[in-house]
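In what follows, a single structure is set out as structure tokens and then discussed.
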Amino acid sequence: MKLPGQNESVRRLFQITVLLLAAFFLAFLFYARYAREKEERGPKRIICVLKVLDETNDFWEQLLEGAQMAALEYGIELEVVAASQETAIEEQNQLIYWAIEERPDAILLMPSSQEDTAPAVEKVRESGIPIVLVDSSVNGSEGLTRVATDNVEAGKIQGEFMKKFLTQESQIAIVSYVKGASTAADREKGLREGLGEFEENIVEVVFCDSDYDKAYQLAQELLEKYPQIDMIAGLNEYAAVGAARAVVDKGYEDRVNMVGFDSSMEEIRLLERGVFEGIVIQNPYTMGYMAVEQADRILKGAETEEFVNSGSKLITKEEMYSEENQKILFMFTED
């Protein structure tokens, strides 16, 4: 004997079952299509646009190694392009426009200029391609993820350390690298903060355009122009090494105190020799690795921070032989 409404209940149950089966079938078709398209597309493609590729500079080599390792671990196809030199801003902008036309899954960019690279970065944003800034920033980059050294803090560490060797009569020269680069501006700002009252002892700031020979020439000119200089700060590897070569060639290494930035083999030897009182080292390998890692997080829809600090540390001649610092220094410089 059938109860009242039984046929209606059976009919509704049947309809629900059919709808659920249809939904599962559509979901299966969607997933199969997505998996097929993903397989056809291959791995995610990221274009990395650097300021320059320089095999003579350990910073660039280590940064690239870190990025390539992360790409390997995350299954990403990484294509690296770079301008011919750090000061070739328009050349880098053209590479950025080319990258937009290539429609990669994401772009990593190390901007050459805080101001002049900004329009190209805005074009990337307008294209909808995710972008991660590496090492440097640009004007109007709010909301973008940037992986870099805290350069103001690193400069401040450098400046505070310099005070140990200064008197009220000291004369300080700063050999920087590319005028208009955000990292150079931030390091100088931090250095001045770290110097405190000794900031007024700075006699001149020069820019070597990240060229060893130009840094050497500028340092020679400074030593002739200001015979009483007793402190020189180099704000990147090119600036520090080039200036140190000039000091050594002048025979002033016992009279002029020096502080450097970055950690090439030549800098480490100069530190061991006592030409440098200390060097502020970055972590370029980690910087490159984290940049790819952050791009992968963005592509997966995960949250990212606006600024990811890759770290820095001051190492002195007295401290360079510790086990911890030996690992740090030679992790960056081994072949």
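Here are the numbers for this structure:
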| quantity | calculated |
| --- | --- |
| Cβ-defined net charge surrounding residue 288, 11 Å radius [Lys, Arg +1; Asp, Glu -1] | -4 |
| In Å, descending, principal axis extents of the Cα set of the range 60-197 | 57, 32, 29 |
| Net charge dipole size for the range 222-320 [Lys, Arg +1 and Asp, Glu -1 on Cβ; Debye, nearest 20] | 180 debye |
| In the range 191-298, trypsin sites (Lys or Arg not before Pro) in a DSSP loop with at most 13 other beta-carbon atoms within 10 Å | 255 |
| Restricting the range 104-183 to GluC sites (Glu not before Pro) in coil, as DSSP defines it, with at most 10 other Cβ within 10 Å | 142, 169 |
| For residue 46, net neighbour charge (Lys/Arg +1, Asp/Glu -1) across residues whose Cβ lies under 10 Å away | -2 |
| Residues whose placed amide H lies under 5 Å from that of residue 263, excluding near-sequence neighbours | 282 |
| Mean Cβ neighbour count within 10 Å, used as a protection proxy, ranking 101-108, 172-179, 194-201 highest first | 172-179, 101-108, 194-201 |
| Radius ratio Rg over Rh of the range 121-239, counting only Cα atoms, Kirkwood formula for Rh | 1.07 |
| Debye equation applied to the C-alpha atoms of the range 185-295, log10 I(q)/I(0) at 0.12, 0.15, 0.21, 0.22 Å⁻¹ | -0.43, -0.65, -1.17, -1.27 |
| Surrounding net charge for residue 217, when Lys and Arg each add one and Asp and Glu each subtract one, Cβ distance under 13 Å | -2 |
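Each reported figure results from applying straightforward, stated rules to the coordinates on display, with no laboratory input. All figures in this text were calculated on a predicted structure; none of them were measured in a lab. Glycine also receives a Cβ, built like all others from the backbone with ideal geometry; neighbour counts cover every protein chain displayed.
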